[in-house]
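These notes are about the structure you will find just below.
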Amino acid sequence: MSHLFFVTDGQPGAEPRVAWNDSIRWVHWRPTWKQCVPRGFPLKPFAAWWLLHYLRVFANRDYGLLAAYDGETVVHRTCVFPPYFRFPFMAKDDLQFGDIWTAEAYRGRGLARLGVAKALQEHTRTGRRFWYVTDEGNRASIRVAERAGFSLHGRGHRARRLGIRLLGSFVVDAPEPTP
């Protein structure tokens, strides 16, 4: 399967307008020793990412996520990952937005784009780049990246390491020409 790699420096733009009811609230979650999984989230895979954070496998300490709740129900998440062996193209201070998800009943309202915009706003600093990797055929995800101000960096694939997909990495095969 082919992947697209998008990048931005995170310079803030206008926050997107989205259509939702007033009961949506946003929570910036960061792992603690006492809370390895955000409220309302499953143990898998979030406990594994918590472990990578505390074992310092991630290259910086900015792992976390932005969650949207409608009442007590999780309706959206934007995960924020520092570089680690799966993303060898990233610099030490960069971040990658991934495992972005919106509940089916809330799709098409701009929550994913707003989640990415809020995460950019929270984590932007001089010299930092943000990455967004998606399947080449995922049109909705590609639109989120483009509308959030990301530019196409290149195309690539997911490689296995030692024949194991879980230990694999994302590889940029064909960088886009720089304008």
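Restricting attention to region 60-83, the residues that are farther than 23 Å from residue 33 by Cβ and either crowded, with 21+ Cβ neighbours inside 10 Å or in contact with a helix residue (DSSP H, G or I) (Cβ under 8 Å, 6 or more places away or on another chain) (or both) add up to 5. The selection criterion, being in contact with a helix residue (DSSP H, G or I) (Cβ under 7 Å, 6 or more places away or on another chain), small (Gly, Ala, Ser) and part of a helix (DSSP H, G or I), does not hold for residue 105.
Table: residues versus (1) modelled with pLDDT under 90; (2) of a type in the set (S, T, N, Q); (3) part of a loop (DSSP other than H, G, I, E, B); (4) farther than 28 Å from residue 150 by Cβ.
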| position | (1), (2), (3), (4) |
| --- | --- |
| 6 | no, no, no, no |
| 13 | yes, no, yes, no |
| 25 | no, no, no, no |
| 28 | no, no, no, no |
| 35 | no, yes, yes, yes |
| 45 | no, no, no, no |
| 48 | no, no, no, no |
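Yes/no per residue for (1) assigned to a strand (DSSP E or B); (2) small (Gly, Ala, Ser); (3) without any contact (Cβ under 8 Å) to a residue 60 or more places away in the chain:
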| residue | (1), (2), (3) |
| --- | --- |
| 78 | yes, no, yes |
| 93 | no, no, yes |
| 116 | no, no, yes |
| 132 | yes, no, no |
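Taking the criterion of being closer than 20 Å to residue 3 by Cβ, touching a strand residue (DSSP E or B) at 6+ places or on another chain (Cβ under 7 Å) and of a type in the set (Lys, Arg), the residues of region 114-171 that qualify are 129, 155, 158, 160, 161.
Any residue at all in region 154-161 that is basic (Lys, Arg), out of contact with any Gly (no Cβ under 6 Å at 6 or more places or on another chain) and surrounded by 15 or more Cβ atoms within 10 Å (Cβ to Cβ)?
Yes, region 154-161 contains a residue that is basic (Lys, Arg), out of contact with any Gly (no Cβ under 6 Å at 6 or more places or on another chain) and surrounded by 15 or more Cβ atoms within 10 Å (Cβ to Cβ).
Cβ-Cβ below 9 Å, separation at least six or inter-chain, first residue in region 21-35 and under 16 Å from residue 72 (Cβ atoms), second in a loop (DSSP other than H, G, I, E, B) and modelled with pLDDT under 90: which pairs? Going by the 9 Å Cβ cut-off, the qualifying pairs are 24/18. Candidates are the residues of region 93-127 that are within 12 Å of the chain's Cα centre (by Cα) and acidic (Asp, Glu); the one that is modelled with the highest pLDDT is 94. Each residue in region 134-149 was checked for being outside any helix (DSSP H, G or I) and of a type in the set (Gly, Ala, Ser), and 3 pass.
Checked against the criterion of being surrounded by fewer than 20 Cβ atoms within 10 Å (Cβ to Cβ), within 24 Å of residue 10 (Cβ to Cβ) and in contact with a Gly (Cβ under 8 Å, 6 or more places away or on another chain), region 92-108 contains one or more residues that satisfy it. Which of the following residues is in contact (Cβ under 8 Å) with a residue 24 or more places away in the chain and of a type in the set (D, E, K, R): 104, 122? When all the criteria are applied, what remains is 122.
The residues in region 50-74 that are touching a residue at least 24 places away in the same chain (Cβ under 8 Å) and assigned to a loop (DSSP other than H, G, I, E, B) can be counted, and the count is 8.
The values are calculated or read from the model by the stated rules, or taken from the named source; none is laboratory data. Here the structure is a predicted model, which is why all the values come from computation and not from measurement. In this analysis, Cβ positions are derived from the backbone assuming ideal geometry, glycine residues included, and neighbour counts consider all displayed protein chains.
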